[in-house]
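S.K.: One structure is given below, represented as structure tokens, and several questions about it will come after.
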Amino acid sequence: MNTTTRIEIGIRPEQVDSRGVSVAHRIRTLLGIPIERVRTRDVYHVQPALSDEQAERVARAFAGPVLRRGAVGRIEGSDFDVAVAVGFRPGVTDPVAHSAKVAIEDLLGLEPGRCEAVFTSRLYLLSGVSLADAERIARELLANEVIERISIQSREQWEASEPDLDVPRVVDSQVPETRTISLEVEDAELERLSREMLLALSLGEMRVIRDFFRRAGDDPGRRAAGLGSEPTDAELECLAQTWSEHCKHKIMSATIRYRAPGEPEQTIDSLFGTYIKGATRAVEAAIEQREGRSWLVSVFDDNAGVIAATDRHHLVYKVETHNSPSALDPYGGAITGIVGVNRDPFGTGMGAELLANVWGYCFAAPDWKGELPAGLLHPRRIREGVHRGVIDGGNQSGIPYARGFEFFDERFLGKPLVYCGTVGRMPVEVAGRPAHLKAARPGDRIVMVGGRIGKDGIHGATFSSAELTEESPVQAVQIGDPITEKMMFDFLIEARDLGLYSAITDNGAGGLSSSVGEMAQACGGARMDLARAPLKYQGLAPWEVLVSEAQERMTIAVPPENLQRLIDLARRREVEATDLGEFTDSGVFHCLWGERTVTYLPMDFLHGGLPPMELEARFEPVEIAEPERLPLPEAAGVLASEIRAFVARHNLASSEDLCRVYDHEVKGLTVVKPWIGVHRDVPAEASVFQIDHGSWEGYALAEGIFPTYSDIDAHAMAQAAVDLSLRRLLAAGARPDRIAALDNFCWPDPLPGATNPDAEHKLAQLVRTCRGLYEACTAYGMPLISGKDSMKNDAVIGGRRISIPPTLLVSAIGLVPDVRMAMTLEVPDRRQEILMLGATAEELGGSQWAAHRGVAFPQVPRCRPAAWAGRYRAVAGVIRDRLVQAVCVPALGGLMPALLRLARAGDVGLEVDLAALPVEGEVGWEARLFGESCGRMLLCSRPEDRDEILTRLAGEPVAPIGRLGDDGRLRVRSGEHMLVDQSVETLVACWRGEAAGEEG
Amino acid sequence: MGAGDYRGPKVLIPVGLGLNCEAETAHAFRSLGVEPDLVHLTDLFAQRGPRPLADYQVIAFIGGFSYGDHVAGGLVLATRLRAHLADDLRDFLDRGGLAIGICNGFQTLVRLGLLPGPDSGAHDFVQRADLGPNDRLGYRDAWVRLRVEPDTRCLWTRGLESVELPARHGEGKFLTEPAQLVDQLAEDGRVALRYVDAAGRPTEQWPWNPNGSAGGIAGICDRSGRVFGLMPHPDAFLHPWHHPDWRRQRAPETLEPAGLALFRAGLEAARELV
């Protein structure tokens, strides 16, 4: 008697199996295997077994009458050579299974829960390949063995076997128990413990913990709870999560001695306090002085930053990284990245509705042909998986994407950077109270809402605080499930508006240990029973329940009088909500398993016991000789193929087709879409959204990132990122006095170690970045309202260290008073001349042109924020008053790609003269055409407005450099000398990757 | 006007379970002077109150990802609607109620059997067509041009000739068994909208037609013309600044928002019921 029913759904033979066609295409193009055909099937294993009649009904209903067919057992009569089945490993989240289970119950009229479990898998029937080829196809393209298992059968084996009824059930007979661990051991043993338990704690930190428990053994409360002078595994795990670099930002809070040639030595007590918080406080003071009150509503103390926007709403913004998990399982890591960052604005204040997502990725080139160390996935695979993950996460949650970028450099081979961010809208008040404030009160119930707990994501926080190795833990990968999360969000917004809870936060890194631990700070303690937590499967130890990062969970504090209403509403909405215990004022983070205590940690030690780090930073400037300059090309034809190859470079090419897979206009609030222009294929300088239906008040989003500038000086990298994000927002018509920024630091490990000889230099670059950021943000009046740092972006594989370049992403948000007045780079007609605002300097260091030529240039683009702040205020007025018709911001690749975007967006030709550019010092033609000097904007205006513009911008370097044309050609002269004369259409074909342009 | 004075059609928008276009769809009706009721599907399934659909003249099945598009887009939700609300829906349609299904809502109505519906007689909730994966596999968000079929029975497109809307889906290829049924539907006036190319001709060519639907079919209705489903999103073109070209228009405020026009036509048809 079978305990499992197997149902197979396939495409009817006369219909197109488009998924199969697509897989076959990828096998041919990506793996070079000339496969004949691929057919695909979806397989559902249902437990307990259904009756034959029931199973037939399910098969018929799942298939429908037209496109698909279904069968109980197998669909017979297929022609193929090899069958590859891909299913999840035990314990991996299978979101489709839950939906299928609901459908089966309703279809068959079963009580909820009668269908106990469904397991889904995919079957690929391959024709025209050998078993060996099939094996390669399965491993390199169809499955990721970190989370999936593969079964491969030849046609003969398949036919000789019974339909596979094997399901990935978690079989774990482990009895949940808590053990104590002695820390009264040698230092080497402490280090071994930290390493083997994946605690990622230093020897110094382990010693602090040891000393604490020596004293704690005498605490009568601890003794009464049944614990002594040895910590439990749960206590060590809880401390490790709370004290992880990921959660505590130890490096950004460290005391640092900074030295650099020619500079006085400086001791910095916390980079975060001095430069990040410091910048925001300075800007806020200036705002208060100017306006009487600040528009910063909540910064630094919550899950995301909050700024005032309209009478009814605040805006909430957060950007996160999810680098390490995306390196191991690109799809799962990235989808978790996006649905995870959704929970940050959602868990800010009393909760924000989500408006828009942003993403950005740093990868090695997808056509990487170099050696690929064992343990690393090919960058093409990482790129595909990451895009798919963030696409599914965003689209299925009904949140449009607003901004997206990709940056390619081979040093991201070891760790890709996966940035995901979300903007939310918080009502000024909910249930009669200010929505940005929250506090759990003693006596409030601790309620966990959303998904169940499994072993997925255990040690995520500590894992991301360590470098990637071949043995990186599989359980560190979670797979986000956007639908569970969406249903949870819908429920929580209802509960919020009914005033049913008093505080909310998300379960992210560190799981319950972090969420409850942080909320308990407001009231001074918590007591919860981990045995009550709903589990995906049995067999989790108490410490695993405490630190699991299983996704789609929020923790709320519910006044006891509201508990029943909240639980009832959750049940009605088919969302799980579980009362785990209560917030207290005992001063203790007290976790139990039934009656037995598993943690008894004083709150002040948990959150305040970590001693600050003391670190050394030493800047070693790079010396780069001036490279040989290219002579001025004699005729336009000389540069033609070079220009075509340049605009086709991965870092400059259009990715419109890829981006269209992301929804950008769900919610109906998008006004300037991410891709604009006559052909809708030019990236907008900034995207602009309404905040609510029925109101024209809005906001704009843009960003800046220049990883390669840090090769020369990270100070310049930071300022260039701030400057670009600001120029882009101004180019969209944002108010210059309502712009805030987010900082995301991704760094190679700056802590000293045997395999990390230049740690002090990396730390010095961090110091210089923070200084640059501070100077730019204070000068421009851009407060830093939220940020994040990721400090271990290295892979050590086979003894070789691959480190990313130090990278700062600046994400800016600015208010647009009336979105109908938003500006873009689309010219409305050809009656325009082109002005350049801002000087071009001989600054090709770290540029795309340097990478294209394969040479290093010494001078990196430098900003003068103090001098440029006035320029930006003036140009914002020019834009507001409609003296210009379109604004284009030169960025990566300099003037050349900017001109191409401008021409394409308006479907016009244009002609400019490099000799007319405002310059600073001696500037050669390469720097004029391809240099990435900051502070510049291209303004398109009617000739009759020129005088007014020049008057308004008096004192600034600004000059007319050309005009639009109507013959569809892009021309660049240097005086009488023609450098570029090409049809826009040809250049666009290269830029879009549709021509056989050379790859750079 | 006080709420008690309202005499227009009453509109229901079922929400939750992964649907996500409630805000813009509600705003569409609000812009036309009708305050819709947003009711969670789990409350409709639980039959809170005696006949949950009895008060309404219009139901909007909105876009989104009900149950994550798992198994097939709209399939799980259609299964649940059939299990819990089939009788109420039948009553609603018998009374002459109007329904629109947008994107995921269209997929749901097709899998529920309301579209294209039976050739004669009352609705029997039997699925006759399908919406398959786009020929170019995967989701895509891009604006398309649509032609309103001149002889369509559809009440939601009355008075309109052509519209521009964004298509945002991965499973929008309209399929019937046998394939020729498509022609019968057209002859019967049940094809409402077709994707057209730059010259205004119905097309199966990407990118004009994002999914490869035969004859460029983008939207269909049932025999009554009151139940209408379409893949593109009328809820995404409610004011001129939704249109991708607004920045290059001399007077964008004069752009006619085609999405709003569809909702207006539906409401006008519903007013005859009140």
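Per-residue answers, yes or no, for (1) small (Gly, Ala, Ser); (2) more than 21 Å from the chain's Cα centre (by Cα); (3) over 24 Å from A:Ala285 (Cα atoms):
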position: A:Leu742; (1), (2), (3): no, no, no
position: A:Trp747; (1), (2), (3): no, no, yes
position: A:Asn756; (1), (2), (3): no, yes, yes
position: A:Ala759; (1), (2), (3): yes, yes, yes
position: A:Arg771; (1), (2), (3): no, yes, no
position: A:Ala776; (1), (2), (3): yes, yes, no
position: A:Ile797; (1), (2), (3): no, yes, yes
position: A:Thr807; (1), (2), (3): no, no, yes
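S.K.: Does region B:114-132 include one or more residues that are closer than 26 Å to A:His664 by Cα and among the hydrophobic types (A, V, I, L, M, F, W, C)?
M.R.: yes
S.K.: So, one more: Quick check on region B:64-74. Is at least one of its residues within 30 Å of A:Leu67 (Cβ to Cβ), at pLDDT 95 or above and more than 14 Å from chain A (Cβ to nearest Cβ)?
M.R.: No, there is no match, as no residue in region B:64-74 is within 30 Å of A:Leu67 (Cβ to Cβ), at pLDDT 95 or above and more than 14 Å from chain A (Cβ to nearest Cβ).
S.K.: Residue by residue through region A:629-665, note down the ones that are within 14 Å of chain B (Cβ to nearest Cβ) and assigned to a helix (DSSP H, G or I).
M.R.: Residues satisfying the conditions are A:Glu656, A:Asp657, A:Leu658, A:Cys659.
S.K.: Suppose we filter B:Gly266, B:Gly219, B:Gly229 for residues that are farther than 30 Å from B:His70 by Cα, crowded, with 23+ Cβ neighbours inside 10 Å, modelled with pLDDT of 95 or more and not hydroxyl-bearing (Ser, Thr, Tyr); which single one remains?
M.R.: Result: B:Gly266 is the single residue among B:Gly266, B:Gly219, B:Gly229 that is farther than 30 Å from B:His70 by Cα, crowded, with 23+ Cβ neighbours inside 10 Å, modelled with pLDDT of 95 or more and not hydroxyl-bearing (Ser, Thr, Tyr).
S.K.: Kindly list the number of the only condition in (1) buried (at least 21 other Cβ atoms within 10 Å of the Cβ); (2) β-branched (Val, Ile, Thr); (3) within 11 Å of chain A (Cβ to nearest Cβ) that fails for B:Ile100.
M.R.: All conditions pass for B:Ile100, except number (3).
S.K.: Among the residues of region B:76-86, write down those that are more than 7 Å from chain A (Cβ to nearest Cβ) and either without any contact (Cβ under 8 Å) to a residue 40 or more places away in the chain or surrounded by 22 or more Cβ atoms within 10 Å (Cβ to Cβ) (or both).
M.R.: Correct list: B:Leu77, B:Ala78, B:Leu81, B:Ala86.
S.K.: What single numbered condition from (1) over 19 Å from B:Gly68 (Cβ atoms); (2) outside any strand (DSSP E or B) fails to hold for A:Val102?
M.R.: All conditions pass for A:Val102, except number (1).
S.K.: If you go through region A:216-269 one residue at a time, how many are in contact with a Leu (Cβ under 7 Å, 6 or more places away or on another chain) and among the small types (Gly, Ala, Ser)?
M.R.: Of the residues in region A:216-269, 3 are in contact with a Leu (Cβ under 7 Å, 6 or more places away or on another chain) and among the small types (Gly, Ala, Ser).
S.K.: Here are B:Phe45, B:Phe29: which of them is of a type in the set (Phe, Trp, Tyr), within 13 Å of chain A (Cβ to nearest Cβ) and either under 22 Å from A:Gly694 (Cα atoms) or in contact (Cβ under 8 Å) with a residue 60 or more places away in the chain (or both)?
M.R.: Details: B:Phe45 fails: either under 22 Å from A:Gly694 (Cα atoms) or in contact (Cβ under 8 Å) with a residue 60 or more places away in the chain (or both).
Exactly one residue qualifies, and that residue is B:Phe29.
S.K.: I've got another one for you. Restricting to strands (runs of 3 or more DSSP E) lying wholly in region B:1-73: which have 2 or more residues that are under 17 Å from the mean Cα position of the chain (by Cα) and buried (at least 24 other Cβ atoms within 10 Å of the Cβ)? Explain how you work it out, then say what you get.
M.R.: Working: elements: B:11-15, B:37-40, B:58-61.
Correct list: B:11-15, B:58-61.
S.K.: Within region B:186-201, work out how many residues are surrounded by fewer than 21 Cβ atoms within 10 Å (Cβ to Cβ) and either away from every other protein chain (no Cβ under 13 Å) or touching a His at 6+ places or on another chain (Cβ under 6 Å) (or both).
M.R.: 9
S.K.: Being over 18 Å from A:Arg936 (Cα atoms) and among the polar types (S, T, N, Q) is the filter here; which residues of region A:710-754 pass it?
M.R.: A:Ser710, A:Asn744 - these are the residues of region A:710-754 that are over 18 Å from A:Arg936 (Cα atoms) and among the polar types (S, T, N, Q).
S.K.: Do any helices (runs of 4 or more DSSP H) entirely within region A:867-957 hold 1 or more residues that are out of contact with any helix residue (DSSP H, G or I) (no Cβ under 7 Å at 6 or more places or on another chain) and among the β-branched types (Val, Ile, Thr), and if so, which? Steps first, answer last, please.
M.R.: Numbers: elements: A:895-906, A:925-930, A:946-952.
Once the helices (runs of 4 or more DSSP H) in region A:867-957 are filtered for at least 1 residues that are out of contact with any helix residue (DSSP H, G or I) (no Cβ under 7 Å at 6 or more places or on another chain) and among the β-branched types (Val, Ile, Thr), what remains is A:946-952.
S.K.: Just checking, does region A:693-704 include any residue being surrounded by fewer than 24 Cβ atoms within 10 Å (Cβ to Cβ), among the acidic types (Asp, Glu) and on the phi < 0 side of the Ramachandran plot?
M.R.: Here is the first cut: in region A:693-704, the ones surrounded by fewer than 24 Cβ atoms within 10 Å (Cβ to Cβ) are A:693-697.
Now narrow it down to the ones that are among the acidic types (Asp, Glu): A:697.
With the extra rule that they be on the phi < 0 side of the Ramachandran plot, the set shrinks to A:697.
Yes, there is a match, as at least one residue in region A:693-704 is surrounded by fewer than 24 Cβ atoms within 10 Å (Cβ to Cβ), among the acidic types (Asp, Glu) and on the phi < 0 side of the Ramachandran plot.
S.K.: Same structure again: Checking B:Asn134 against (1) within 12 Å of chain A (Cβ to nearest Cβ); (2) part of a loop (DSSP other than H, G, I, E, B); (3) surrounded by fewer than 22 Cβ atoms within 10 Å (Cβ to Cβ): exactly one of these is not met. Which one?
M.R.: (3)
S.K.: Determine whether B:Trp206 is touching a residue at least 60 places away in the same chain (Cβ under 8 Å) and more than 15 Å from the chain's Cα centre (by Cα). So that I can check it myself, show each step before the final result.
M.R.: Values: touching a residue at least 60 places away in the same chain (Cβ under 8 Å): yes; more than 15 Å from the chain's Cα centre (by Cα): yes.
So B:Trp206 fits the description; yes.
S.K.: A:Gln885 is checked against (1) closer than 20 Å to A:His852 by Cβ; (2) touching a Pro at 6+ places or on another chain (Cβ under 9 Å); (3) polar (S, T, N, Q) and fails just one. What number does that condition carry?
M.R.: Failed condition: (1).
S.K.: Moving to a separate point now. Go through B:Trp143, B:Trp156 for me and flag whichever is more than 12 Å from chain A (Cβ to nearest Cβ) and among the aromatic types (Phe, Trp, Tyr). Break it down stepwise before answering.
M.R.: Details: B:Trp143 fails: more than 12 Å from chain A (Cβ to nearest Cβ).
Within the list B:Trp143, B:Trp156, the selection yields B:Trp156.
S.K.: Please give the helices (runs of 4 or more DSSP H) falling wholly within region A:198-275 in which 2 or more residues are within 29 Å of the chain's Cα centre (by Cα) and buried (at least 19 other Cβ atoms within 10 Å of the Cβ). Before the answer, list the steps.
M.R.: Working: elements: A:203-216, A:220-224, A:233-242, A:245-248, A:250-253.
Correct list: A:233-242, A:245-248, A:250-253.
S.K.: Which of the strands (runs of 3 or more DSSP E) contained wholly in region A:690-798 include at least 3 residues that are among the aliphatic types (A, V, I, L, M)?
M.R.: On the way: elements: A:698-705, A:739-746, A:784-790, A:794-797.
Counting at least 3 such residues, we get A:698-705, A:739-746, A:794-797.
S.K.: Hey, another quick one. Could you identify the single residue in A:Glu616, A:Glu582 that is surrounded by 18 or more Cβ atoms within 10 Å (Cβ to Cβ) and assigned to a strand (DSSP E or B)? Working first, answer last.
M.R.: Working: A:Glu616 fails: surrounded by 18 or more Cβ atoms within 10 Å (Cβ to Cβ).
Matching residue, one of A:Glu616, A:Glu582: A:Glu582.
S.K.: Out of the residues in region A:113-150 that are without any contact (Cβ under 8 Å) to a residue 12 or more places away in the chain and in a helix (DSSP H, G or I), state the one that is surrounded by the most Cβ atoms within 10 Å (Cβ to Cβ).
M.R.: Residue satisfying both the conditions and the ranking: A:Arg139.
S.K.: Answer yes if at least one residue in region A:627-636 is among the small types (Gly, Ala, Ser) and modelled with pLDDT of 95 or more, and no otherwise.
M.R.: Restricting attention to region A:627-636, the residues satisfying the condition of being among the small types (Gly, Ala, Ser) are A:635-636.
Among the residues that remain, those that are also modelled with pLDDT of 95 or more are: none.
Scanning region A:627-636, I find no residue that is among the small types (Gly, Ala, Ser) and modelled with pLDDT of 95 or more, so the answer is no.
S.K.: Here's something else I'd like to know. Filter region A:674-694 down to the residues that are over 27 Å from A:Val428 (Cα atoms) and facing chain B (nearest Cβ under 9 Å), then identify the one that is nearest to the chain's Cα centre (by Cα). Spell out the reasoning first.
M.R.: Taking region A:674-694 first, the residues over 27 Å from A:Val428 (Cα atoms) are A:674-685.
Within this subset, residues satisfying the condition of being facing chain B (nearest Cβ under 9 Å) are A:675-678, A:680.
Details: A:Trp675: 20, A:Ile676: 24, A:Gly677: 27, A:Val678: 30, A:Arg680: 25 Å.
Top of the filtered list is A:Trp675.
S.K.: Quick test for you: out of A:Pro828, A:Pro805, pick the one residue that is in a loop (DSSP other than H, G, I, E, B), away from chain B (no Cβ under 14 Å) and not small (Gly, Ala, Ser). Spell out how you get there, then give the answer.
M.R.: Values: A:Pro828 fails: away from chain B (no Cβ under 14 Å).
Unique residue meeting the criteria: A:Pro805.
S.K.: Mind counting the residues in region A:353-368 that are among the aliphatic types (A, V, I, L, M) and farther than 18 Å from A:Gly668 by Cα?
M.R.: Adding up the residues that qualify gives 2.
S.K.: In region A:184-197, what residues are among the aliphatic types (A, V, I, L, M) and either touching a residue at least 12 places away in the same chain (Cβ under 8 Å) or in a helix (DSSP H, G or I) (or both)?
M.R.: If we filter region A:184-197 for residues that are among the aliphatic types (A, V, I, L, M), which is where we start, we get A:185, A:188, A:190, A:193, A:197.
Once the filter is applied, which keeps residues that are among the aliphatic types (A, V, I, L, M) and either touching a residue at least 12 places away in the same chain (Cβ under 8 Å) or in a helix (DSSP H, G or I) (or both), region A:184-197 yields A:Ala188, A:Leu190, A:Leu193, A:Met197.
S.K.: If you don't mind, there's one more thing I want to ask. Only one residue in A:Leu377, A:Leu372 is part of a loop (DSSP other than H, G, I, E, B), surrounded by fewer than 23 Cβ atoms within 10 Å (Cβ to Cβ), in contact with a His (Cβ under 8 Å, 6 or more places away or on another chain) and not charged (D, E, K, R), so which one is that? Talk me through it step by step, then tell me what you get.
M.R.: Numbers: A:Leu377 fails: in contact with a His (Cβ under 8 Å, 6 or more places away or on another chain).
Selected residue: A:Leu372, the only one of A:Leu377, A:Leu372 that is part of a loop (DSSP other than H, G, I, E, B), surrounded by fewer than 23 Cβ atoms within 10 Å (Cβ to Cβ), in contact with a His (Cβ under 8 Å, 6 or more places away or on another chain) and not charged (D, E, K, R).
The values are calculated or read from the model by the stated rules, or taken from the named source; none is laboratory data. This is a predicted model, so every value here is computed, not measured. Heads up, the Cβs are rebuilt from the backbone with ideal geometry, glycines too, and the neighbour counts pull from every protein chain shown.
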